[in-house]
Amino acid sequence: MRARQCALLVLVLLTGTAAGAEPFTFTAIPDQNESRLMSLFGKVADYLQKRLDTPVRYVPVKSYAAAVTAFRNNEVQMAWFGGLSGVQARRMVPDSRALAQGAEDRHFRTYFIAHEKADVEPADEFPEAIAGETFTFGSKGSTSGRLMPEFYIRQELGAPPEEVFERVGFSGDHSRTIALIDSGAYAVGAVNFKVWQTAVEEGRVNTDRVQVIWKTPPYPDYHWVMRGDADERFGSGFTARVRDILLKLEDKEILQAFPRSEFVPASNADYQPIRRTAHQIGLLAE
Amino acid sequence: MSAVVTTAGHWRRATLLLALAGLVAFALADLSISRGTPGAELQRLAQGLITPDFTATDALGEALATTLAFAFQGVALGAAGGFTLALLWHRPGVRFFAASIRAVHELFWGLIFLQITGLSPLTGVLAIGLPYAGIFAKVFGEFLEEADPKPADALPGGTNPVTTFFTARLPLVWDQFRAYGAYRLECALRAAAILGFIGLPTLGFHMETAFREGGYSQGAALLYIFFALIGTQRLWLHRRLVPVYLLAAVLWAPPLSSGPDGALKRFLTTDIVPAPLRDGGGWAESGTWLAELGTQQALPGVANTLVVALAALLLTGVLALALFPLASPHFGHRPGRALAHLALVMVRTTPEFLLAFVLLIVLGPSMLPGILALALHTGVIVAYLTGRFSESIRPQRGYSQALTRYGYEILPRVYPNFLAFLLYRFEIIIRETAVLGLLGIPTLGFYIDSGFAEFRFDRALVLIIITVMMNLAVDAFSRILRRRLRLQTPATAY
Amino acid sequence: MSAFRFRGETLWRGPTAVLSDLHLELNPGEKVALLGPSGAGKTSLLEALRARALRDTAWCPQNPALVPALSVFHNIYMGALERYGTLYNLLNLIRPTTYQQRQVGELASELGLVDKLRVSVDRLSGGQVQRTALGRALYSERPVLLADEPVSSLDEEQARALLQLTLSRHDTAVVALHQQEQALTCFDRVIGLARGCVQLDAPAGQLRRHDLTDLYQ
């Protein structure tokens, strides 16, 4: 008798799940704390939904690669990618295109940060003294946390990171990189300058212990990318509308959370330098 | 004086060999605690554990339901597949196939299926169901092999094989099948939770977030819910409810793919084809490619995997020998044992992957957290099994001192079983060690993860195949050693 | 069926010869009792006979070789598996048909098992297990009964009654026994095995108790 009641309960609970209209879905590379991303992209989804008049859903993922794979598999039609992940995604989905980037993304930077125990002074030149320390990147697929810092390490120190440093790690994201340097688990790390600035502003990092020791030259980074077949699925002109909405986005709260001052047009060609760099260090097969 | 030939001598030599290998591994391993202040982090963790926050996770119910749904469907698929394979267990090809699919960890299967079936329930179900089919095949196959052949022989001449199987073979082992299925469901719940770490929406998804961001109260709450789910399995896993649960699981998370059409073909004919061949190169280029992959990734990966696994095996043995009296009626008193039992169950329930993840955060990156996690989890399991086995021993003489009793009465009697449990677990330790690479410990999984992160699936696949070969080798080694030492194979240890 | 003939053959159990240079002829219609100390080769001889006439044999081995988890009904029904199709057998395993219930039920009442039909074999006494095994042999409805100490766990009265019932249902029977009395009263012919060969082969009517005691020395 109890068994039957249990069964009924389970079935009743299940009937509550019904599918609605096909939603427009997007994802973002998980470059920092997930709770931040959830709140930010939840707002973006609401914003888009109001203006597109189509259900919009944000699909959270656990890794940069998973974001690209979801895009490739058409599980999401749009994504907020970094420079490298955007290039990778467009290689796999040939007719997809970059729509917009943050104004700051045209001149993005990586900061090298160091724990006080590393004893490296801030400088304008590449800090060669970091050789022999322990070093952490961000995600394996990150532009600011992996590609650009590795490029400069190879260029300035003449060897791949695993030969230059005592230990090399991949923290997974920029929040984690900051936490790892802050705790002294690694002496030196490479971090997205925007995430660093926000962390400092919000007092989440002890700047007595951790400081920026070098800033890379600027390079293009984050951008929105849309699949080429989105118009087929959501009606012609859909891509243009989304692009338009993004470029006109003025919601202070959302822009601040990114954090970007505004979105500006972007094209696939803007990311040629990233593509070349990735080839050079062997992260992207020819 | 004549040469000493004792069974205990054989055990001692085998133990010495393994301990020596473990010590060498410890000498080679990177054991640094690089985190400046592990004490402070540990304190925050402890504080979180005593102040669980059950409200911090949104959509907790959904995550719980999805975890259950993946586990039920995965076990159903695994049992059905394993059952079919078990019917052909006499064929070496089938045994090899089953051994190969179970040598690939659920998380690696998950990463593979993410490419083909996307972030869908099907990925979760297949990631559990496929390796479990291999495990079920082995266990079912062995049950059937050991079952009494006489009833089938006594059937009237001319009875066809299908009828014979269902009337005179299957009923002999049905109860064992059922009990094993229930145990596998517990394992599947762990696996389903862990699949959250690669993005499937199970409990592990939120656990990863919580622990990574230092939300220990939230993490603790998720962990406790998980403990409760597994701890109460006996209460809710009623035989008659299984079909209902399975139906509910299929309705909640229909095992459908969210990958595009042709994703399987794309994966098989493009993604995993070695890059030189794909780009029109020949076998010579492929040879160079393979050699490079071997020296730069496979070799260090295999070496590190062995180092971590052997060190973990030694520590597991030490821990198990120290802890098994807690689960044995020959030592301590009843309330003490009950408490110890609870602690053992909790550590056993915590997946080693999750344990390693948390220890990495607390202690900082090195091999130490991985070794500790593997040894804690496995050590407790072996201690528990050994302690349970010691129940069957009647002490001949009542040594009043606990240590004397331990050394002279109990240990010599449980030792062969302890050794068998340990060797049996070695294969599982290797499997888990490889997968710890996903967390950054440079075992084979680290390079496999890189393959997936850089969309070089061809490399990832070669490395996964190497992982499989390593697993098969360790399995063979452990089997040979068990046979040499004339140890009974305890099926419950799997 | 034709007669069984052994002409100087040797029966093996693994690497050891159990009966060597065996000369024996068994004709249709004969009811034969096999006697001899344990290890004399009774079981081997029965197995050899079964191998020669697999499809004509109603088989009742000494180790009853029943399926412990299944009911008396199913274990008796197993005798008839070969007469029905696979699908019918499997359905009957899940849900017994009324026809089979009636048929098996009738047999069970003759065997004194009618109240145990739905009880699994692992819950029966030794005597009940033996009766179930006999039931399976009877239900196979084959002309030749080959049985290995089928009534050893029953008391004398019951044993004799059951033996007579079983023998009456088969043309030909070869039954290994350890009850010498039963051999003399229920069978046509007695074969005694000992020390690796046939020591005694005579019509039951011509034998007395003391003729048999030699076998067991």
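If the segment from A:Asp53 to A:Glu156 were pulled out straight at 0.36 nm per residue, it would be longer than the present Cα-Cα gap by 32.0 nm. By the gyration tensor of its Cα atoms, with a ≥ b ≥ c the square roots of the eigenvalues, what is the shape of segment A:158-286: rounded for a/c under 1.5, prolate for a/b over b/c, or oblate? Oblate. Among A:Tyr186, B:Tyr132, A:Tyr219, the ranking by other beta carbons within 10 Å of each residue's beta carbon, starting with the fewest, stands as A:Tyr219, B:Tyr132, A:Tyr186. Averaging the sequence gap over all C-alpha pairs within less than 8 Å and six or more residues apart, then dividing by the number of residues, gives segment C:1-75 a relative contact order of 24 percent.
Computed from label points 7 Å out along Cα-Cβ, the spacing between C:Val114 and C:Arg5 is 4.8 nm.
Quick one: check the C-alpha center-to-center distance for segment B:157-197 versus segment B:48-71, whole angstrom. Segment B:157-197 and segment B:48-71 have Cα centres separated by 30 Å.
Look at the alpha carbon pairs under 8 Å that are at least 6 residues apart: their mean separation over the length of chain C gives a relative contact order of 29 percent. Each of B:Val173, B:Gly215, B:Pro149 was scored by the projection of its Cα onto the charge dipole of segment B:108-222, and the greatest displacement toward the positive side belongs to B:Gly215; charges sit on the C-beta of Lys, Arg, Asp and Glu. Classify chain B from the C-alpha gyration tensor, please: rounded if a/c falls under 1.5, else prolate or oblate depending on whether a/b exceeds b/c. The shape class here is rounded.
Charge tally for B:Arg95 (other residues, Cβ to Cβ under 14 Å; Lys, Arg +1; Asp, Glu -1): +1. Return the whole-Å distance between the Cα centroid of segment C:171-191 and the Cα centroid of segment A:195-240. Going from one Cα centre to the other spans 95 Å.
As a calculated quantity, the FRET efficiency between C:Ala51 and B:Arg12 at R0 = 35 Å, using C-beta atoms, amounts to about 0.10. Take every pair of alpha-carbon atoms less than 8 Å apart whose residues are at least six positions apart; their mean separation over the length of segment A:109-215 yields a relative contact order of 46 percent. The trypsin sites (Lys or Arg not before Pro) found in segment A:226-286 that occupy coil by DSSP, while having at most 13 further C-beta atoms within 10 Å, are A:Lys248.
The lysine pair tally for chain A, using Cα distances under 24 Å and a gap of 8 or more places or different chains, is 14.
If R0 equals 25 Å, the separation of the Cβ atoms of B:Met346 and B:Leu256 corresponds to a calculated FRET efficiency of about 0.10. Neighbour counts of C-beta atoms inside 10 Å place B:Thr467, B:Thr386 in the sequence B:Thr386, B:Thr467, starting with the fewest.
Using the Cβ-Cβ distance between C:Ile94 and C:Asp188 with R0 set to 41 Å, the FRET efficiency from 1/(1 + (r/R0)^6) comes to roughly 0.40.
Rounded if a/c is under 1.5, else prolate if a/b beats b/c, else oblate: with a ≥ b ≥ c from the C-alpha gyration tensor eigenvalues square-rooted, which is segment B:1-131? Because a/c hits 1.5 or more and a/b fails to exceed b/c, segment B:1-131 counts as oblate. If both residues of a DSSP beta bridge must be in the protein assembly as shown, then about 55% of such bridges are antiparallel.
Taking a sphere under 14 Å around the Cβ of C:Ala58 and counting the other residues whose Cβ falls inside, with K and R at +1 and D and E at -1, yields a net charge of +2. Using the rule -39500 (n - 2.57) for each DSSP H run of four or more residues, divided by the residues of chain C, the 222 nm mean residue ellipticity is -10500 deg cm²/dmol. In plain terms, the bigger the Kirkwood radius, the slower the diffusion; for the protein assembly as shown, with that radius from Cα pairs, at 20 °C and 1.002 mPa s, Stokes-Einstein puts D at 65 µm²/s.
Seen against the Cα atoms of chain A and their longest principal axis, helix A:83-92 is set at about 50 degrees.
Got a sec? How would A:Val264, C:Val32 order by Cβ neighbour count within 10 Å, fewest to most? Provide the component values of the computation, followed by the final result.
Values: A:Val264 16, C:Val32 22.
Ranked by crowding around the Cβ, least crowded first: A:Val264, C:Val32.
In this Cβ point-charge picture (+1 for Lys and Arg, -1 for Asp and Glu), segment A:109-215 has a dipole of about 480 debye about its Cα centre.
Spatially, segment A:75-118 and segment C:106-120 are offset by 79 Å when compared through their Cα centroids.
Spacing of the modelled spin labels on B:Asp58 and B:Trp236, each 7 Å from Cα toward Cβ, amounts to 2.4 nm.
When the Gaussian network model of chain A links Cα atoms closer than 10 Å, the mean-square fluctuations of A:Ala79, A:Ala70, A:Ala257 top out at A:Ala257. Charged neighbours of B:Asp271, selected by a Cβ distance under 15 Å, balance to +4 (K, R count +1; D, E count -1).
With the helix formula -39500 (n - 2.57) applied to DSSP H stretches of n ≥ 4, chain B reaches a computed 222 nm mean residue ellipticity of -23000 deg cm²/dmol.
We did not get these values from a lab; they are worked out from the coordinates using the rules stated. Values in this document were obtained by computation on a predicted structure and should not be read as measured data. Note: ideal-geometry Cβ built from the backbone for every residue, glycine included; neighbour counts use all protein chains shown.
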